[in-house]
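The values are calculated or read from the model by the stated rules, or taken from the named source; none is laboratory data. Given the structure is predicted, the values throughout are model-derived calculations rather than measurements. So basically every Cβ, Gly included, is an ideal-geometry build from the backbone, and we count neighbours across all protein chains shown. The protein model used for the area step is the full one, side chains on, heavy atoms only, and it has no ligands, DNA or RNA in it. Shrake-Rupley method; radii C 1.70, N 1.55, O 1.52, S 1.80 Å.
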Amino acid sequence: MTDAAFLPKRRVSVPVRVGAIEVGGGAPIAVQSMTNTDTADIQATANQVIALARAGSEIVRITVDRDEAAAAVPHIRERVEKAGVLVPIVGDFHYIGHKLLAAHPACAEALAKFRINPGNVGFREKRDAQFGQMIELACRHRRPVRIGVNWGSLDQELLTQLMDENARLDKPSPARAVMH
């Protein structure tokens with residue numbers, strides 16, 4: 001029996017290009033990593049992007065969380081390319097991504113893809129508008145968007161509502177089950 005017999009069946013998805021890398025569809029799974037540097041530190045972040053790419057990462061994510069980080073992105077991209085590394089860089093945005101991308105078009109242009117967590121795009125009535133602004137900016141710059149959901153990006157209002165509803169049950173589920 002081959003190793004493939006033990007692998008779960010892949011969900012059919014639409015392929016997109018992230019730089020020169022195809023993701024989704026029938027494309028092979030791409031190795032992705034994320035830096036843990038302060039993105040505003042241009043040299044440290046560029047060095048880590050280069051090291052990750054040389055270690056086999058095909059796509060590298062960086063955090064874009066404030067003006068200094070957004071302003072650094074084009075310089076990081078430039079240093080990475082100057083080192084002969086052509087890895088796509090993905091911007092991971094939290095809360096004010098719509099403002100950062102609008103204020104720093106060179107950041108939007110330097111990134112190969114935007115990653116947005118719906119749980120931390122904004123709160124209440126602002127959430128949909130801010131999410132829409134980011135999508136419009138992605139379209140304007142012809143960049144794909146990954147809408148990523150993980151434990152760290154759960155919408156806190158929704159989670160509170162679900163936990164409250166669970167607590168009112170005769171036999172509440174464990175918190176972990178509610179979050180899943």
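Helices in the chain that qualify as membrane-span-like (whole DSSP H runs, Cα extent of at least 30 Å along the helix axis, mean Kyte-Doolittle hydropathy of 1.0 or higher) do not occur.
Solvent-accessible surface of region 1-109, taken per residue with a 1.4 Å probe and all protein chains present: 57 Å².
Placing R0 at 45 angstrom, the Cβ-Cβ distance between Q43 and K9 gives a FRET efficiency of 0.55 after rounding to 0.05.
Among beta bridges identified by DSSP and lying wholly in the chain, the antiparallel ones come to about 15 percent. Value of Rg to Rh for the chain, rounded to two decimals, is 1.04; Kirkwood radius and Rg both from alpha-carbon coordinates. Under the simplified labelling scheme, the L169-R17 pair shows an inter-label distance of 4.7 nm, with each label point 7 Å from Cα along Cα→Cβ.
Within the accessible surface of the chain, defined with a 1.4 Å probe on protein heavy atoms only, the carbon and sulfur portion equals 55 percent.
Rounded to the nearest 0.05, the FRET efficiency derived from the C-beta distance between R140 and M179 at R0 = 30 Å is 0.30. Entry note, the chain: the mean residue ellipticity at 222 nm calculated from DSSP H runs of n ≥ 4, each adding -39500 (n - 2.57), is -12500 deg cm²/dmol after division by the residues and rounding to the nearest 500. Protection proxy ranking, highest mean first, for peptides 160-168, 8-16: 160-168, 8-16, where packing is the per-residue count of other beta-carbon atoms within 10 Å, averaged. Structural descriptor for region 18-145: relative contact order 22 percent, calculated from alpha carbon pairs under 8 angstrom and at least 6 residues apart.
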